[in-house]
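Enquirer: Starting off with a structure, shown below.
The values are calculated or read from the model by the stated rules, or taken from the named source; none is laboratory data. These numbers come from a predicted model, not from an experiment. Cβ: placed from backbone, ideal geometry, glycine included. Neighbour counts: every protein chain shown. Calculation scope for accessible area: heavy atoms of the full protein, side chains included, ligands and nucleic acids excluded. Shrake-Rupley method; radii C 1.70, N 1.55, O 1.52, S 1.80 Å.
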Amino acid sequence: MQTVVLIKQVPDTATRIKIGPDGKDIQRDGLTLVLNPYDEYAVEEALRLREQHGGTVTVMTLGPARADEALRSALAMGADEAVRVDGKPQDALQVGWALAQAIRTLSPDLILCGKQAVDDDQAEVGALVAEFLDLPQATVAVALSVDPAAHSASAKREVEGGLQQLAFSLPAVVTAQKGLNEPRYPSLPGIMKAKRKEIAVLSADLGIEPGLELVRLTPPEARKAGTVLKDLSGADAGAELVRLLHEDAKAI
Amino acid sequence: MHLVVLEGDDRLRKISHEAIGAARALGGPVAAVAVGKDARKLAEEASHLGVSQVLTVEGPEVSAYAVRAWVRAVETAVAKSGATLVLFGATSQGKEVAARLAGRLKAGLAADVTAISQDGGALVFRRPIYAGKAFAEVRLISKVGIATLRPNAFSPAAKDAEAAQIEPLAVSFEAKDLDGKATGFEAGSGGQVELTEAEIIVSGGRGLKGPENFHLIEELAKELGAAVGASRAVVDAGWRPHTEQVGQTGKTVSPALYIACGISGAVQHMAGMSSSKLIVAINKDPEAPIFQVADYGVVGDAIEVLPAMTEAVRQLRA
Ligand SMILES: Cc1cc2nc3c(=O)[nH]c(=O)nc-3n(C[C@H](O)[C@H](O)[C@H](O)COP(=O)(O)OP(=O)(O)OC[C@H]3O[C@@H](n4cnc5c(N)ncnc54)[C@H](O)[C@@H]3O)c2cc1C
Ligand SMILES: Nc1ncnc2c1ncn2[C@@H]1O[C@H](COP(=O)(O)O)[C@@H](O)[C@H]1O
């Protein structure tokens with residue numbers, strides 16, 4: 001079974017975000033970059049499927065040379081091959097398009113992504129790739145089983161109020177949600193091997209017009225200091241808090 | 001023309017009321033489309049919300065949810081209505097149909113929008129990025145634009161005296177549109193209020209000390225008609241299901257009132273709730289970061305404060 005996993009390098013979720021002087025991007029100097037957390041679930045799932053069904057796992061990213069680090073993290077977990085699509089997309093349409101064109105040359109049985117990249121928070125690229133390749137999709141998956149011989153798969157996806165079960169054919173695009181699996185840590189031999197591994201670089205086909213234009217980035221509005229109740233007994237504090245929420249904030 | 005894609009089972013989801021409200025606030029005529037076995041019921045409800053027309057798509061192809069069938073239906077509705085802006089709720093269904101439709105129409109998509117403003121002639125969509133640590137203001141520059149709207153961010157549409165016309169829409173489905181059909185559903189824990197749409201959320205963290213104390217959270221939630229949320233620490237510990245997790249790797253919520261009990265306020269947790277209108281923190285540690293965003297706080301033991309709150313709310317309601 002051939003699996004392609006789409007991964008993205010993103011700022012660590014704990015980092016402070018500062019907007020740059022041009023108001024169009026964040027300040028990137030000194031940012032700690034990591035593999036997008038949801039993409040770790042996608043990589044892990046691909047490795048488990050390879051253990052079950054054989055085949056190879058190719059990880060792919062669209063990004064600058066620095067994104068090689070993210071590919072190497074995935075290689076260290078156990079991926080076989082890594083591809084970097086080099087280019088400067090302007091929006092998700094262009095990202096989805098360029099990735100779809102690069103995936104096409106590999107004709108995989110399965111494409112795994114994260115449910116969302118935690119920088120732009122769009123949750124869009126998986127569905128775009130599926131649409132551009134005319135494949136079925138299962139997004140926000142917390143369970144996946146595939147039958148490569150029968151070209152069929154089923155998944156459970158997280159929806160409001162519960163889990164939706166889906167049946168679909170392969171090849172397909174599946175986007176990973178937390179809960180799909182527990183990602184493994186890279187092994188020491190894995191890390192050594194990943195360092196030496198050649199990363200294939202393709203140039204991005206951005207042959208689609210962007211549909212979105214960034215006007216500006218703004219910081220969130222500051223919250224003003226709140227009213228804090230101290231030195232009251234638990235019972236008094238609870239009653240006073242409810243009174244404030246009712247009379248003062250009119251929230252209950 | 002703006003087109004709102006409706007969502008709901010027996011009843012129209014709250015987010016669909018909000019999406020119609022947002023579309024009407026932009027001015028100009030608003031059409032809506034309902035797809036699936038409940039399409040008529042949803043259309044009926046929406047027809048009283050000040051839209052000019054409601055399209056319905058019914059039939060065996062959409063008897064159960066399938067993302068590509070929904071995309072085909074909405075694509076047809078866009079062509080029929082001549083809409084240049086398509087609005088969805090940012091629900092799990094809305095997000096995936098919208099994203100796939102964006103590919104189909106080669107359209108720009110503004111995801112998880114919390115505000116829309118007019119700048120000259122153009123619409124500017126405001127959306128949180130980096131989990132709410134910044135906002136991006138974007139313009140849609142494609143012929144048709146698409147946006148998904150975050151629940152609780154827009155005012156629901158007011159009822160209109162006149163009922164709009166409901167019109168069945170014929171859609172030519174292809175066999176592949178049904179590849180990926182829903183085959184079943186497992187209901188999540190409890191019949192409680194859906195987290196992402198809740199007006200009030202009572203959330204518990206590791207400060208609750210153990211799963212046995214979460215009944216204190218549940219009781220207050222019940223008294224307030226609220227949903228129950230949780231921090232990742234308690235989800236990872238197996239005290240609560242993942243469906244209740246609020247934060248960067250859980251749900252993003254923006255209720256009118258968020259009550260955080262025994263939650264420290266790690267950035268990844270705040271990422272999921274910082275757009276709540278009013279934030280209340282109950283924490284033993286006065287230095288806990290959650291107090292930096294709290295409008296009201298209690299420095300104290302949640303296990304003592306919660307029952308007193310529940311009792312006080314009960315008296316208020318009596
Ligand atoms: C990639 C990544 C993604 C993450 N995603 C999420 C996410 O989606 N959601 C999320 O929540 N976290 C997430 N986290 C984890 C996050 O960093 C924190 O570890 C987590 O939020 C802590 O949960 P907590 O506040 O319940 O526990 P703690 O941080 O242990 O805090 C417990 C708090 O309870 C207080 N306390 C103790 N006893 C009492 C008492 N009796 N009464 C009142 N207060 C008391 C303490 O003072 C403390 O502030 C993520 C982390 C990473 C690295
Ligand atoms: N530049 C990229 N390169 C490779 N994969 C990406 C890229 N951007 C997004 N993805 C994949 O698509 C998923 C969803 O991203 P997004 O739609 O940006 O939230 C991510 O979790 C990745 O798996």
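Enquirer: Does the stretch B:278-295 contain any residue that is more than 9 Å from ligand 1 (Cβ to nearest atom), surrounded by 22 or more Cβ atoms within 10 Å (Cβ to Cβ), more than 8 Å from chain A (Cβ to nearest Cβ) and in contact (Cβ under 8 Å) with a residue 60 or more places away in the chain?
Expert: No, every residue in the stretch B:278-295 fails to be more than 9 Å from ligand 1 (Cβ to nearest atom), surrounded by 22 or more Cβ atoms within 10 Å (Cβ to Cβ), more than 8 Å from chain A (Cβ to nearest Cβ) and in contact (Cβ under 8 Å) with a residue 60 or more places away in the chain.
Quick grid of which residues meet (1) under 26 Å from the mean Cα position of the chain (by Cα); (2) of a type in the set (Lys, Arg); (3) assigned by TED's automatic domain parsing to the domain that holds A:ALA143:
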residue	(1), (2), (3)
A:GLN165	yes, no, yes
A:PRO183	yes, no, yes
A:ILE191	yes, no, yes
A:GLU209	yes, no, no
A:VAL215	yes, no, no
A:GLY234	no, no, no
A:LEU245	no, no, no
A:ASP248	no, no, no
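Enquirer: Tell me which residues, restricted to the stretch B:191-213, are within 13 Å of ligand 1 (Cβ to nearest atom) and surrounded by 22 or more Cβ atoms within 10 Å (Cβ to Cβ).
Expert: B:LEU195, B:ILE201, B:SER203, B:GLY204, B:GLY205, B:GLY207, B:LEU208
Enquirer: Between A:GLY96, A:GLY161, which is closer than 30 Å to A:ILE26 by Cα and either within 8 Å of another protein chain (Cβ to nearest Cβ) or in contact (Cβ under 8 Å) with a residue 12 or more places away in the chain (or both)?
Expert: Answer to the check: A:GLY96.
Enquirer: I need a count of the residues in the stretch B:235-249 that are in contact with a Gly (Cβ under 6 Å, 6 or more places away or on another chain) and either within 19 Å of B:ASP295 (Cβ to Cβ) or open to solvent by less than 10 Å² (accessible area, probe 1.4 Å) (or both).
Expert: Total satisfying the criteria: 3.
Enquirer: Scan B:ALA19, B:ALA69, B:ALA32 and give me the residue that is in contact with a helix residue (DSSP H, G or I) (Cβ under 6 Å, 6 or more places away or on another chain), open to solvent by less than 10 Å² (accessible area, probe 1.4 Å), not in a strand (DSSP E or B) and not charged (D, E, K, R).
Expert: Matching residue, one of B:ALA19, B:ALA69, B:ALA32: B:ALA69.
Enquirer: Out of A:ARG66, A:ARG16, A:ARG48, which single residue is more than 19 Å from A:ALA141 (Cα to Cα), open to solvent by 30 Å² or more (accessible area, probe 1.4 Å) and modelled with pLDDT of 95 or more?
Expert: Going through A:ARG66, A:ARG16, A:ARG48 in turn, just one is more than 19 Å from A:ALA141 (Cα to Cα), open to solvent by 30 Å² or more (accessible area, probe 1.4 Å) and modelled with pLDDT of 95 or more: A:ARG66.
Enquirer: Where in the stretch A:62-149 are there helices (runs of 4 or more DSSP H), lying wholly inside it, with at least 1 residues that are more than 30 Å from B:GLU75 (Cα to Cα) and more than 13 Å from ligand 2 (Cβ to nearest atom)?
Expert: Once the helices (runs of 4 or more DSSP H) in the stretch A:62-149 are filtered for at least 1 residues that are more than 30 Å from B:GLU75 (Cα to Cα) and more than 13 Å from ligand 2 (Cβ to nearest atom), what remains is A:68-77.
Enquirer: Here's something else I'd like to know. Can you run down the residue pairs with Cβ atoms below 7 Å, 6 or more apart or on separate chains, where the first is in the stretch A:131-144 and at the interface with chain B (Cβ under 9 Å from one of its Cβ atoms) and the partner is small (Gly, Ala, Ser) and open to solvent by 30 Å² or more (accessible area, probe 1.4 Å)?
Expert: Filtered contacts from the stretch A:131-144: A:PRO136/A:SER169; A:VAL142/A:GLY179.
Enquirer: Follow-up question, since we're still on this one. Identify, please: which residue in the stretch A:112-128 is more than 8 Å from every other protein chain (Cβ to nearest Cβ) and open to solvent by less than 20 Å² (accessible area, probe 1.4 Å) and is, among those, farthest from ligand 1 (Cβ to nearest atom)?
Expert: Per the criteria, the residue is A:LEU112.
Enquirer: Within the group B:SER275, B:SER254, which residue is within 10 Å of another protein chain (Cβ to nearest Cβ), in a loop (DSSP other than H, G, I, E, B) and closer than 19 Å to A:ASP121 by Cβ?
Expert: B:SER275
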